[in-house]
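Remarks on the structure that follows.
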Amino acid sequence: MKTYVDWFNELPEPYRTQALENVRSGRCSHSNEYDESDTFISMAQAITMTMRWSHTPQGHEYWNELYDKYTEEHREAQRIQEAIEEQKEEEERARIRELHKISGDRLVTFSDSTRSMLRELSDHSIIASLMLHYSDKNLFCDYVTMRGEMFSYLPKGRPHIVNDSGRWAREGRQEMKPGKLARKILHEVDEVRDTLFRRVELTDKDFEQFGNMVRSYIGINGDEDGEGRTLTIQVLSGEDIRKGYHEDNYSQLADSGSNLWGSCMRYGSCQDYFDIYVENNVKMLVAKDTIGKIVGRALLWECENGRKAMDTIYCPDKVRQVFIKWAIDNDYYYKSQQSCHHHEFDMYAGASCSDWEAVVKLSDADFCEYPYMDTMMYLNQDRKLLSNRDDDYTHTLRCTDGGYDENGVYDDLDDRTISEEDSVYLSYCTDQVSWSGTTHIDNTVMTRDGYRVLDRDSVYVGCDYYAEGSDSIVWVDSRDEYCRVDDTTETYDGDTIHEDDAEECAHTGHTYHRDDMTEVEVYVWVHKDSVEDYLEQLKEEENV
């Protein structure tokens with residue numbers, strides 16, 4: 001590689017002087033793009049890249065002829081340069097492969113539960129991520145698992161023993177705090193990590209944060225043996241209710257896919273909606289991790305009939321039983337489904353119970369904004385009542401923007417007003433049933449044919465629902481039930497029967513119901529009216 005000056009100085013006169021003057025004058029060159037420090041792989045490249053040939057005094061053809069003389073040389077230079085670059089790239093690929101091998105060979109062995117923990121923490125902790133991918137068992141230890149809030153490890157050089165049950169034996173193992181052990185198995189300076197990942201400067205804060213997150217994780221999930229859960233249960237009221245909703249107070253370990261992090265009321269913009277809870281002394285049960293962050297919450301209601309009820313539990317699946325146990329221990333009814341679409345407190349003391357109307361008396365019901373309510377969504381503002389029934393209400397509290405619906409939609413089937421969210425419009429017509437109108441979705445079923453019908457207008461065939469009169473099903477008298485059309489056949493007599501009941505007459509070849517047939521031999525069926533003729537035919541065939 002040379003500068004254009006070096007290349008042009010190798011040209012014979014007058015090319016050398018002309019080329020240098022053209023470039024340096026700037027009138028017919030690319031000198032605004034190339035200076036004298038830029039390099040080129042060949043004479044041909046220098047000639048074509050530094051000058052606008054048609055703008056030179058000598059003209060395009062003059063320099064084109066010179067360029068052609070050096071073209072082969074340029075091509076050869078290109079081939080050499082490409083070969084050099086390819087060799088460098090291959091050397092770099094080989095180096096990367098070797099670093100990957102080194103990284104894989106040296107990785108610390110973690111138990112399955114510890115590896116799952118590190119994976120979950122890695123979204124929030126650089127230490128957890130580096131331990132998974134760039135730890136080094138040659139530094140300090142191997143075979144790491146959790147014992148309570150401590151890492152249990154096998155010191156470097158000690159034999160790894162597996163007991164009869166296939167679990168790691170505890171002989172020779174030691175324990176250490178998570179942050180301290182992390183320092184022991186990660187290099188301060190690591191060429192492998194710097195190349196395959198990026199250069200990282202780890203700080204005391206990084207290790208401290210990792211240790212806190214491990215303690216929180218174990219507090220929620222338990223260690224290798226399921227021990228060590230240390231959730232704190234607390235009942236909130238008043239202004240603390242707002243804190244219980246705000247996502248800034250949620251634990252990062254509370255499973256981002258759970259309904260807690262999916263709640264529409266977790267945002268800071270919703271804080272003003274909760275006046276109805278704060279001013280009426282509604283309570284909230286929360287579960288907190290070891291650093292005081294919320295991993296689950298549920299509203300608590302005290303009803304007019306003396307019953308107490310726990311509303312939807314917002315938490316990861318692994319924490320839900322903690323809330324249910326609290327409800328049972330404290331004489332609360334709770335919901336069988338933790339969903340905003342389920343409106344019944346239908347569980348008590350661990351068993352199902354009959355649905356009942358929950359009514360809560362409020363001291364104040366008139367607010368500018370309201371939260372989205374899962375269960376106690378119906379407000380009678382005049383009587384200051386909240387309920388999970390819509391029999392007598394003025395507002396439906398099912399808006400996510402602080403608003404409310406003053407009335408719902410009319411249920412044409414049950415002759416009442418229902419929540420628009422729970423409603424569905426139907427319109428269908430078959431030979432036997434037809435209906436058009438709005439009703440509650442619980443009054444309907446989805447058919448195999450792809451549309452909803454009223455439950456009363458449906459039939460259950462096989463594992464699917466169909467509208468009565470659907471072209472996909474047919475009534476089969478012999479079975480006294482509907483069957484799928486595809487599962488039926490027609491007999492010689494014109495009857496529709498299930499194909500499992502059909503047999504072919506060996507005498508006539510016609511299809512009949514098995515009840516109208518006689519099995520004259522194994523798997524040989526003949527219509528009852530044709531048995532004598534069939535047997536006579538057999539005798540004649542034998543005589544022949």
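So what is the relative contact order of region 1-151, in percent, for Cα pairs below 8 Å that sit 6 or more residues apart?
The value is 17 percent.
Computed from the alpha carbon positions, the gyration tensor of the chain leads to an equivalent ellipsoid with semi-axes of 68, 48, 35 Å, biggest first. Here's how it looks for THR109: its modeled amide H is under 5 Å from those of TYR143, VAL144, which are all 5 or more places away or on a different chain.
For the chain, relative contact order (Cα pairs under 8 Å, six or more residues apart, normalised by length) works out to 5 percent. Bridgeable aspartates and glutamates around LYS384 (alpha carbons under 14 Å apart, same-chain partners fewer than 8 residues away excluded): GLU279, GLU304, ASP364, ASP366, ASP392. In the chain, helical runs assigned H by DSSP with n ≥ 4 each contribute -39500 (n - 2.57); averaged across all residues and rounded to the nearest 500, the mean residue ellipticity at 222 nm is -9000 deg cm²/dmol. Among LYS156/LYS293; LYS177/LYS293; LYS101/LYS177; LYS156/LYS205; LYS156/LYS318; LYS177/LYS288, which pairs are too far apart, with a Cα-Cα distance over 32 Å? From the list (LYS156/LYS293; LYS177/LYS293; LYS101/LYS177; LYS156/LYS205; LYS156/LYS318; LYS177/LYS288), the Cα-Cα distance tops 32 Å for LYS156/LYS293; LYS156/LYS318. In this structure, the amide hydrogen of GLU481, modeled 1.01 Å from its nitrogen in the peptide plane, lies closer than 5 angstrom to those of VAL476, counting only residues at least 5 positions away or on a different chain. The protection proxy used here, the mean number of other Cβ atoms lying within 10 Å of each residue, ranks peptides 343-351, 39-47 as follows, highest first: 39-47, 343-351. Each peptide among 312-322, 271-281, 103-113 gets the average number of other Cβ atoms lying within 10 Å of its residues, and from highest to lowest they stand as 312-322, 271-281, 103-113. Shown in residue order for region 468-485 are the 3J(HN,Hα) couplings computed by the Karplus curve 6.51 cos²θ - 1.76 cosθ + 1.60 at θ = phi - 60°: 4, x, 4, 5, 8, 10, 8, 7, 10, 4, 5, 9, 6, 7, 7, 9, 5, 4 Hz (x for Gly and Pro).
Would you list which lysines come within 29 Å of LYS2, measuring only between C-alpha atoms, while excluding same-chain residues fewer than 8 positions from it? Within the straight-line cut-off, LYS2 pairs with LYS69, LYS88. By the count of other C-beta atoms within 10 Å, a proxy for reagent exposure, TYR410, TYR143, TYR378 are ordered fewest to most as TYR410, TYR143, TYR378. Bridges between two residues of region 245-361, per DSSP, are antiparallel at a rate of about 90%. Among beta bridges identified by DSSP and lying wholly in the chain, the antiparallel ones come to about 95 percent. Less than 5 angstrom separates the built amide H of GLY296 from those of ALA287, all sequence-distant by 5 or more or on a different chain.
Dipole size of the chain about its Cα centre, with +1 on Lys/Arg Cβ and -1 on Asp/Glu Cβ: approximately 5300 debye, rounded to the nearest 20. Net charge in the neighbourhood of TYR314 (other residues with Cβ under 10 Å of its Cβ; Lys, Arg +1, Asp, Glu -1) is +1. Peptides 56-66, 208-218, 76-86 ranked from most to least packed give 208-218, 56-66, 76-86, packing being the mean of other C-beta atoms within 10 angstrom over each peptide's residues. Within the same chain, aspartates and glutamates fewer than 8 places from LYS283 are excluded, and of the rest, those with a Cα less than 14 Å from its Cα are GLU239, ASP240, ASP275, GLU302, ASP311.
Each reported figure results from applying straightforward, stated rules to the coordinates on display, with no laboratory input. Predicted, not measured: the structure shown is a model, and the values here were computed from it. Don't worry about glycine lacking a Cβ; one is built from the backbone with ideal geometry, like all the others, and counts go over all protein chains shown.
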